[in-house]
Amino acid sequence: LLALLLLLSAAVALAILRSGDRHGHLDPRSADPYGSRAVAALLADHGVSTRVVTTLDQARTAAGPDTTLLVAVPDLLTQKQQSRLRTTTSASGGRTVLVAPGDPSLGGLAPGVTADPAPGFDTTLAPDCSLAAARRAGTAELGDGLRYTTTARDADSCYPSDGLPTLLRIPDTAQGGDTVVLGAPDILYNDRLDKQGNASLALQLLGSRPHLVWYLPSLTDDSTQDTGEHDFFDLLPSGWLWGTLQLFIAAALAALWRARRFGPLVPERLPVAIRASETAEGRARLYRKVNARDRAAAALRSTTRIRLAPLLGIPVTQAHTPETLLPALAGRLDGDGQDLHDLLFGPPPGDDAALVSLADRLDALEREVRRP
């Protein structure tokens, strides 16, 4: 409990100390290190207006041919929201910028694009593509994010990391717009904007049109409550079933490992010799502690029958058979067979006094049989 208390205290302390690290994350109104106020200021100097929206309806209304729509956290959108937003942007003729989208949102917002599960290791990457904005910006910090693959043949694949691009531009030839998939948000952060060609790339991607709509998805949006026909299990990650199965297999293997037998028991010499009387007394105290008069009586009767069998000429293996032991014992003592049956095979005593009486009667019976 003390260790758990210390762990919880340390976790709370770390949470308090780091609570402001990501305040205003990707918010163009925030001057924090992970905010994006610097990008908005540079865009304003170049005549590009920035408008922040937090609901899907506002984002769809603002989309147009002269507008760049930036979706800050696409994975927060439900499938229903993704479908509605994709319908609007594909017909608007404007530009849509998706910041670090993963598999949960790529299928709805950028069909034909999939995210590679393995991240890249190089932080600073070269453009290595024919996209004019990327070639003018030069190297940029996109390597610590997601990498993508696409089936679109006319897509611009830039800033490759281990052969896979971290920035994609997919044109829409029918409406004249395009979709930009950005693998990492670093070029939009206040504290990273002045590194490499981050500022140039950010300005060219977001300033190609006079208006920029910065969509910050919010959990308070009314449209998030419409999840379609999905039930609870559909909302769980795709790998939860396999993860549960693996945990079950691991638990079964652990149970088998802990329950396995190493073979028959091997006798071992005790380091200290214990007298038989002490062992008997210790077991008797345990029996008395739990009121196990039935076990005590069974032990006394069984031991007495085993000692009587050789005296009566009966094999020890048949000492616990009333049909064999009792006739031989009755012939030896000329006693009542029913009394002998109750004594050697009867019910357990009801109290401690009856148990002591049983022990005395068994001793007396054995002495009588041993008497020549």
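The values are calculated or read from the model by the stated rules, or taken from the named source; none is laboratory data. From a predicted model like this one, the values you see are computed outputs, not experimental measurements. Cβ sites come from the backbone with ideal geometry, for glycine too, and all protein chains shown count toward neighbours. Keep in mind that these areas ignore ligands, DNA and RNA; they rest on the heavy atoms of the full protein, side chains included. Shrake-Rupley method; radii C 1.70, N 1.55, O 1.52, S 1.80 Å.
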- Message: Starting from a Cα-only point model with no solvent, please compute log10 I(q)/I(0) by Debye for the chain at q = 0.10, 0.15 1/Å.
- Response: -0.76, -1.26
- If a/c stays under 1.5 just call it rounded; otherwise compare a/b with b/c (prolate if a/b is bigger, oblate if not). Do that for region 150-197, with a ≥ b ≥ c from the square roots of the Cα gyration tensor eigenvalues. oblate
- Query: Let a ≥ b ≥ c be the square roots of the eigenvalues of the Cα gyration tensor of region 61-138; is it rounded (a/c under 1.5), or, if not, prolate (a/b larger than b/c) or oblate?
  - Reply: oblate
- Task: Kindly identify region 24-98 as rounded, prolate or oblate by the Cα gyration tensor criterion: order the square roots of the eigenvalues as a ≥ b ≥ c, call it rounded if a/c is under 1.5, otherwise compare a/b with b/c, prolate if a/b is larger, else oblate.
- Result: oblate
- Item | Value of relative contact order over region 38-185, rounded to a whole percent, pairs C-alpha under 8 Å and six or more apart | 21 percent
- Query: Excluding the sites themselves, what is the longest stretch of the chain that contains no GluC sites (Glu not before Pro) in a DSSP loop with at most 13 other C-beta atoms within 10 Å?
  - Reply: 1-228
- Task: Kyte-Doolittle cut-off 1.6, length cut-off 18 Å along the helix's own axis using Cα: show which whole DSSP H helices in the chain pass.
- Result: 2-17
- Per-residue ellipticity at 222 nm for the chain, helices alone: DSSP H runs ≥ 4 residues times -39500 (n - 2.57), over residue total, nearest 500 deg cm²/dmol? -13500 deg cm²/dmol
- Query: So how far apart, in nm, are the two label points at Gln204 and Gln318 if each is 7 Å from Cα heading toward Cβ?
  - Reply: 10.6 nm
- What's the FRET efficiency of Leu270 with Ala299 using the Cβ-Cβ distance as r and R₀ = 30 Å, to the nearest 0.05? 0.90
- Taking chymotrypsin sites (Phe, Trp or Tyr not before Pro) as exposed when in a DSSP loop with at most 14 other Cβ atoms inside 10 Å, the chain has its longest clean stretch at 1-120
- Query: Relative contact order (percent) for the chain, with alpha-carbon contacts under 8 angstrom and 6 or more residues of separation?
  - Reply: 16 percent
- Query: Stretched out fully, how many nm does the piece from Leu1 to Ala15 gain, at 0.36 nm a residue minus the Cα gap?
  - Reply: 2.9 nm
- Task: Could you state how much accessible area Asp222 has, in square angstrom rounded to the nearest 10, with a 1.4 Å probe and all protein chains kept in place?
- Result: 120 Å²
- Task: For region 244-372, with all protein chains present and a 1.4 Å probe, just round the carbon and sulfur fraction of the accessible area to a whole percent.
- Result: 59 percent
